[in-house]
Amino acid sequence: MYLWIDLWDKRCWIAVFVEKIVIPKEIVPRVELVNILKKYIKDYDIKVIVVWLPFDLYGLDKKQLEKTQKFIWKLKNIFPDVEIDSIDERFTTFEAENTLNLLWEKDTIWKKDAISAGLILESYLMQKNIF
């Protein structure tokens, strides 16, 4: 199982990949992250933690990136049996905002129907072992 972290100074976003589904879990205070990770590793049998690297568009702002890389090193020492990996997060916020704009510009009933359709499709794909 995989766990994803979007690491910031005060808060961190966590998601897990379970049964071929990405599940956003929670936003946690940074100071509580290590203890919460211990719980997730145990509860979800996490084998890989993926930390998003905060590169800016041009690769110039290194301050947050350096903090994140130091934290990755810390995680590797705290959890030696868990693979700690990282990925460039550039453009993901832009992509997420575009997706939300496409989905949420419609009326409330459309939102409900869109979510239902997605869940139905996901169920179908899982039954066919495609997803």
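For the residues GLU97, GLU19, GLU83, GLU26, the requirement of being modelled with pLDDT under 70 and of a type in the set (Asp, Glu) singles out GLU97.
Taken as a whole, the stretch 38-45 holds at least one residue that is under 18 Å from TRP73 (Cα atoms) and modelled with pLDDT of 90 or more.
Looking across the stretch 46-65 at every residue that is of a type outside the set (A, V, I, L, M) and surrounded by 13 or more Cβ atoms within 10 Å (Cβ to Cβ), the one that is modelled with the lowest pLDDT is identified as PHE55. Close Cβ contacts (under 9 Å, 6 or more residues apart or on different chains) running from residues in the stretch 1-18 that are over 15 Å from SER86 (Cβ atoms) and surrounded by fewer than 16 Cβ atoms within 10 Å (Cβ to Cβ) to residues that are at pLDDT 85 or above and acidic (Asp, Glu) comprise MET1/ASP45.
The values are calculated or read from the model by the stated rules, or taken from the named source; none is laboratory data. Predicted, not measured: the structure shown is a model, and the values here were computed from it. A quick note on method: Cβ atoms are made from the backbone with ideal geometry, for glycine too, and the neighbour counts reach across all protein chains shown.
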